[in-house]
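Student: Sending over a structure as structure tokens; questions will come in a sec.
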Amino acid sequence: MNQIAVQCEQISKLFSRTPAVRNVSLAVKQGEILALLGPSGCGKTTTMRLIAGFEQPDNGRILIGG
């Protein structure tokens, strides 16, 4: 059974009171591939920067490796 490698629970990020990411939740199991799709400015890069640890979420939590 595959364990969850990355889990985001209700993460949000604001820049100057402007929401860049709002209440994103996702779970990626080991061996899975994740693709974030959406229009320009919808928060794809910010979400990946949050998961990578380059930014800290204002709300929610990110779990890596359980």
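The values are calculated or read from the model by the stated rules, or taken from the named source; none is laboratory data. These numbers come from a predicted model, not from an experiment. Reconstructed Cβ throughout: ideal geometry from the backbone, glycine too, with neighbour counts over all protein chains shown. The area values use the complete protein model at the heavy-atom level, side chains included, leaving out ligands, DNA and RNA. Shrake-Rupley method; radii C 1.70, N 1.55, O 1.52, S 1.80 Å.
Student: Mind listing whichever residues of region 23-39 are open to solvent by 50 Å² or more (accessible area, probe 1.4 Å), over 8 Å from the mean Cα position of the chain (by Cα) and not charged (D, E, K, R)?
Tutor: Passing the criteria: 23, 27, 30, 31, 33, 34, 35, 36, 37, 39.
Student: For region 4-18, which positions are closer than 20 Å to residue 52 by Cβ and open to solvent by 80 Å² or more (accessible area, probe 1.4 Å)? Break it down into steps so the answer makes sense when it comes.
Tutor: Of the residues in region 4-18, the ones closer than 20 Å to residue 52 by Cβ are 4-15.
Passing the criteria: 10, 14, 15.
Student: Would you point out the residue of region 40-66, among those that are open to solvent by 90 Å² or more (accessible area, probe 1.4 Å) and in a loop (DSSP other than H, G, I, E, B), that is nearest to residue 14 (Cα to Cα)?
Tutor: Checked region 40-66; the qualifying residue nearest to residue 14 (Cα to Cα) is 56.
Student: Somewhere in region 6-28, is a residue in contact with a Ser or Thr (Cβ under 8 Å, 6 or more places away or on another chain) and outside any strand (DSSP E or B)?
Tutor: No: zero hits.
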